[in-house]
Amino acid sequence: MMAHHRQTAARMNRNELAQLADELIQRAHRQEHMIMELQRAAANLLMELHVAQMKDEPPGFAPIRDCHRQWAKELLGQQ
C-alpha cells in the first residue's frame, strides 16, 4: 500500500502535491491531538485505580484527603 501511495505521489503535479501535503499535515495534527487525549485518559484511569487501591491502605499511612486528590489532578493537568 505504501509503495502504491509513493508511486501515485511521484506522478502528481505541484498543485496536487501541495494539496496532499496539506491533507497530511491536517491528519498528523488530528492524530497528535488524539494521542494526547488518549494519554490523558490513560493517566486519569491510572490515578483512579491508584486512588481506589489506596482506600484499602495499610496501617501507618495517612488517609487520602480531598487535597491529595486535587494535587494529583493538578499534576496530571486536569484542574
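The values are calculated or read from the model by the stated rules, or taken from the named source; none is laboratory data. What you see is a predicted model; the values in this text were computed from it and never measured. In this analysis, Cβ positions are derived from the backbone assuming ideal geometry, glycine residues included, and neighbour counts consider all displayed protein chains.
Scanning region 1-39 for residues that are closer than 22 Å to Gly77 by Cβ and of a type outside the set (Lys, Arg) gives His29, Gln31, Glu32, His33, Met34, Ile35, Met36, Glu37, Leu38, Gln39.
Could you grab me the full set of residues in region 29-65 that are modelled with pLDDT under 85 and part of a helix (DSSP H, G or I)? Spell out how you get there, then give the answer.
The initial filter retains those residues of region 29-65 that are modelled with pLDDT under 85, namely 48-65.
Listed by number, the residues that qualify are Glu48, Leu49, His50, Val51, Ala52, Gln53, Met54.
Every test in (1) surrounded by fewer than 10 Cβ atoms within 10 Å (Cβ to Cβ); (2) at pLDDT below 90 is passed by Gln78 save one, and that test is (1).
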